[in-house]
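The values are calculated or read from the model by the stated rules, or taken from the named source; none is laboratory data. Predicted, not measured: the structure shown is a model, and the values here were computed from it. Cβ sites come from the backbone with ideal geometry, for glycine too, and all protein chains shown count toward neighbours. We work out accessible area using only protein heavy atoms, side chains counted, and drop any ligands, DNA or RNA first. Shrake-Rupley method; radii C 1.70, N 1.55, O 1.52, S 1.80 Å.
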Amino acid sequence: QVQLVESGGGLVQPGGSLRLSCAASGTFLVINVMGWYRQAPGKQRELVATISSGGSTNYADSVKGRFTISRDNAKNTVYLQMSDLKPEDTAVYYCTANVLVSLFALNDYWGQGTQVTVSS
């Protein structure tokens with residue numbers, strides 16, 4: 001009932017910036033928390049940042065001060081502005097959303113992932 005599509009990944013030099021976008025589409029009542037996770041090779045998937053429908057944010061310590069999560073509720077879209085990127089930020093970034101799809105169905109959805117590579 002819900003699809004999440006990420007965009008904006010790519011190759012960037014250390015110290016550079018990227019903005020990831022994730023748009024939700026389909027049939028649903030309410031999108032609650034949206035967020036970003038990432039998974040580097042050989043590593044477990046880890047939380048990067050989350051944002052509530054009201055704008056409350058949460059960040060991993062490793063990205064505080066460098067990344068900013070935001071959302072446009074009218075567009076059902078969440079963004080991740082990444083600045084001062086470091087090689088250790090290299091990972092597949094996944095968008096996630098907790099969605100009320102019906103009166104009795106509250107589900108988590110995941111995007112397909114977008115590759116971010118930080119390298120000179």
Probe 1.4 Å, all chains present, heavy atoms only: residue 19 accessible area in Å², nearest 10, is 130
Using alpha carbon positions and the Kirkwood radius, the Rg to Rh ratio of the range 29-91 is 0.99
Computed from every Cα-Cα pair in the range 59-103, P(r) in 5 Å bins starting at 0 and rounded to whole percents is 5, 15, 25, 23, 14, 10, 5, 3, 1
For the range 71-83, Karplus-derived ³J(HN,Hα) couplings (6.51, -1.76, 1.60; θ = phi - 60°; whole Hz; x for glycine and proline) come out as 8, 10, 5, 5, 9, 6, 10, 10, 10, 10, 8, 10, 10
Heavy-atom accessible area of the chain with neighbours in place, 1.4 angstrom probe: carbon+sulfur share in percent works out to 49
In nm, the gap between the two label points placed 7 Å beyond Cα toward Cβ at residue 7 and residue 30 is 2.9
Note on the chain: contact order normalised by length, alpha-carbon pairs under 8 Å, 6 or more apart, percent, works out to 37
With the 8 Å Cα cutoff and a minimum separation of six or more residues, the range 74-120 has a relative contact order in percent of 40
Per the Kirkwood formula over distinct C-alpha pairs, the hydrodynamic radius of the range 13-120 in angstrom is 14.3
Quick tally, 1.4 Å probe accessible area for 61, 72, 108, sorted with the most first, runs 61, 108, 72
For residue 86, counting only lysines whose alpha-carbon sits under 27 Å away and dropping same-chain residues fewer than eight positions off, the answer is 43, 64
If every Lys and Arg gets +1 and every Asp and Glu gets -1 at its Cβ, then about the Cα centre the chain yields a dipole, in debye to the nearest 20, of 60
